[in-house]
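Working notes, beginning with the structure itself.
What follows is calculated from the coordinates using simple rules that are stated; it is not laboratory data. Since the model is a prediction, treat every value here as computed from it, not as a measurement. In this analysis, Cβ positions are derived from the backbone assuming ideal geometry, glycine residues included, and neighbour counts consider all displayed protein chains.
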Amino acid sequence: MNQVVQVTNLRKSYGSTIAVDGISFEVLEGEIFGMVGPNGAGKTTTIECLEGLRHQDSGMVRVLGLDPQRDSLALRSCTGMQLQQSNLPERMKVWEALDLYSSFYPKTADWEQILTKLGLAEKRNSNFSKLSGGQKQRLFIALALLPDPQLIFLDELTTGLDPQARHTIWDLVRDVRSKGKTILLTTHFMEEAERLCDRVAILDHGRIVALDTPAALIQSLDMGECIVFNVDGMLPPAFERNLSATGSIEIQGDRVVVHGNDGYKGSLVSEVVNKLATSGVVFHNLRTEQPTLEDVFLKLTGKTMRE
């Protein structure tokens, strides 16, 4: 596959703060490539360097074979951008925004068709201020699609949206990719990255700490079966002692998570249920869970909240 984005040893600092610390990666034609990481990991700075909105301190960046700084005008005619923070005048109508932005490009897609495809045809005469959060995001996607771009940047696309709106946006992103477009997105939602992305780069402190398909990243955890249940009251010490040869226990309030030990060949569910009954523990909502991309993320970046 052709490389749509090439990044080699990208570095960017703000005074004494290193935002991006020598990262390298490529994005292939036709894929959805995701970047995830804690706040301050360098995701937005990286995508802004690719968009030509920021100048890197060092390193090589090529987008569609172009230098984002030197060839910014040519690049903007073949890429679409949805920024992390975007806004329009409150009284600007939906059709006015699309008509205005169309004038910025030498050649554009039919925005009437885009409006219909994104489910905004009925809102064409609505003021921007009257749109819901999901409708505003769909409008920003429409604006990003106007130049019929080969590559689309989506930065924190679904932040602040309710689950229904988020799933609608996911379907739109999949539809855009089905048209042969390449998408590079950043997100705080691990489920979003796991469901949408062909490959994911996990950033932490300005560096890429893992890069692979979501399935391969999850498999790299080498985690066995996981049993989750809730208890009424405290677990007796005897329960944890009796289970030590079978699995490890993680207690989160009234929620208990049991991870099977490596090499354990029996049925973890049967073992846990038997020991709960023997110990006289009242439990409910017992279920098995498979590891997710969020488990990978927490293992690599930690669980402490960051500003």
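Test D232 against the criterion of being surrounded by fewer than 20 Cβ atoms within 10 Å (Cβ to Cβ), under 25 Å from T8 (Cβ atoms) and not hydroxyl-bearing (S, T, Y), and give yes or no. Working first, answer last.
On the way: surrounded by fewer than 20 Cβ atoms within 10 Å (Cβ to Cβ): yes; under 25 Å from T8 (Cβ atoms): no; not hydroxyl-bearing (S, T, Y): yes.
Judged against the criteria, D232 is not a match.
Selection within the range 8-35: residues that are of a type in the set (A, V, I, L, M, F, W, C) and in contact with a Ser or Thr (Cβ under 6 Å, 6 or more places away or on another chain). The member of this set that is surrounded by the most Cβ atoms within 10 Å (Cβ to Cβ) is V20.
In this structure, does F33 turn out to be touching a Lys or Arg at 6+ places or on another chain (Cβ under 6 Å), assigned to a strand (DSSP E or B) and either under 17 Å from K181 (Cα atoms) or hydrophobic (A, V, I, L, M, F, W, C) (or both)? So F33 passes the test.
Scanning the range 89-148 for residues that are acidic (D, E) and over 26 Å from the mean Cα position of the chain (by Cα) turns up E90, E96, D99, D110, E112, E122.
Kindly indicate which of E191, E156 is at positive phi and either among the polar types (S, T, N, Q) or under 14 Å from the mean Cα position of the chain (by Cα) (or both). It would help to see each step written out before you state the result.
Values: E191 fails: at positive phi.
Sole residue among the options that is at positive phi and either among the polar types (S, T, N, Q) or under 14 Å from the mean Cα position of the chain (by Cα) (or both): E156.
Evaluate the following for Y101: is it among the aromatic types (F, W, Y), closer than 25 Å to D175 by Cα and crowded, with 17+ Cβ neighbours inside 10 Å? So Y101 fits the description; yes.
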